[in-house]
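The values are calculated or read from the model by the stated rules, or taken from the named source; none is laboratory data. Since the structure is predicted, the reported quantities are computational estimates derived from the model, not experimental observations. Note that we place each Cβ from the backbone using ideal geometry, even for glycine, and neighbour counts take in every protein chain shown. All accessible areas refer to the heavy atoms of the entire protein, side chains included, with ligands and DNA or RNA removed. Shrake-Rupley method; radii C 1.70, N 1.55, O 1.52, S 1.80 Å.
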Amino acid sequence: ILALVSLLSVGLAHRVAINLKLVKFQKDKLKCFYAAKAAVRKAIGVLAAETATVDAITLNQRWSRGYNVTEGDADSIFKDVVVGDARFTIRYPFDDTNEEAPVYFYGMSDEDRKININTAPMNLLRALFEVLELNEPGALADAVIYWRGGNQEAHDASYASTEIPYEASKALFQAIEELSLVKGFRGNESMIAACSKYLSVFPRDININTASSFVLEAVFLSLGA
């Protein structure tokens with residue numbers, strides 16, 4: 001009887017331990033969800049209160065750096081913000097030319113600092129891929145143009161093969177993640193991640209006040225400067 005009771009106790013204790021871990025996991029999940037939601041609301045509130053237009057001092061404004069330099073603020077409102085038992089930080093890489101020691105701003109970045117993958121001409125895309133030191137930048141730029149509706153019929157056979165078992169979209173990119181389907185990018189996650197930092201589907205024009213050094217270099221290279 002003692003042996004049976006001991007076995008039952010061990011089994012019950014094991015089930016209770018598992019249930020406690022599941023409850024803790026669910027609790028932590030809810031904390032993370034509401035911390036992320038609080039971060040979004042914080043960002044929306046700061047943007048709604050911003051009255052200045054995008055100008056030469058954009059990177060000194062509160063939405064971009066978390067504090068307003070011209071007003072003498074010192075502490076970022078986006079760094080280590082406590083929400084109950086959780087906390088959140090909003091930041092983006094301002095200068096990542098040095099991969100070992102990138103410069104981060106605690107705030108939000110505008111999509112206008114990137115190149116629009118749907119409207120960028122062939123030479124600008126090729127220049128960006130050259131700046132990023134990707135293999136065969138011309139072929140990659142050509143593949144992007146074809147995916148969004150270009151007339152390079154030579155690619156049709158590639159998308160009909162067993163290597164790429166689907167048709168090209170031949171329409172504008174809906175999200176930058178579509179690059180994972182484009183010939184030359186497919187299966188290369190590191191290449192897609194590198195390009196995603198400098199390409200977007202949103203901006204109409206490039207904002208030279210907030211554009212990264214890679215984007216500016218690509219623009220000047222495409223212009224032959």
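List of remarks:
- Unique match (being surrounded by 10 or more Cβ atoms within 10 Å (Cβ to Cβ), part of a loop (DSSP other than H, G, I, E, B) and at pLDDT 90 or above) among Ile90, Ile44, Ile77: Ile90
- Here Tyr67 clears all of (1) under 20 Å from the mean Cα position of the chain (by Cα); (2) at pLDDT below 90; (3) of a type in the set (Phe, Trp, Tyr) except the condition numbered (1).
- Where a residue in the stretch 76-96 is among the polar types (S, T, N, Q) and its partner, wherever it lies, is not in a strand (DSSP E or B), with Cβ under 6 Å and at least six apart: Ser76/Gly66; Ser76/Tyr67; Ser76/Tyr106; Thr89/Lys79; Thr89/Asp80
- The residue that is nearest to Gln61 (Cα to Cα), among those in the stretch 23-41 that are hydrophobic (A, V, I, L, M, F, W, C) and open to solvent by 100 Å² or more (accessible area, probe 1.4 Å), is Phe33.
- Residue, nearest to Leu199 (Cα to Cα), within the stretch 111-131, restricted to residues that are part of a loop (DSSP other than H, G, I, E, B) and open to solvent by 30 Å² or more (accessible area, probe 1.4 Å): Lys114
Yes/no matrix, rows are residues, columns are (1) more than 18 Å from the chain's Cα centre (by Cα); (2) among the β-branched types (Val, Ile, Thr); (3) exposed (fewer than 12 other Cβ atoms within 10 Å of the Cβ):
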residue	(1), (2), (3)
Ile176	no, yes, no
Phe185	no, no, no
Ser190	no, no, yes
Ala194	no, no, no
Lys197	no, no, no
Pro203	no, no, no
Ala218	yes, no, no
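- In the stretch 160-188, the residues that are modelled with pLDDT of 90 or more and more than 15 Å from Tyr146 (Cβ to Cβ): Gln174, Ala175, Ile176, Glu177, Ser180
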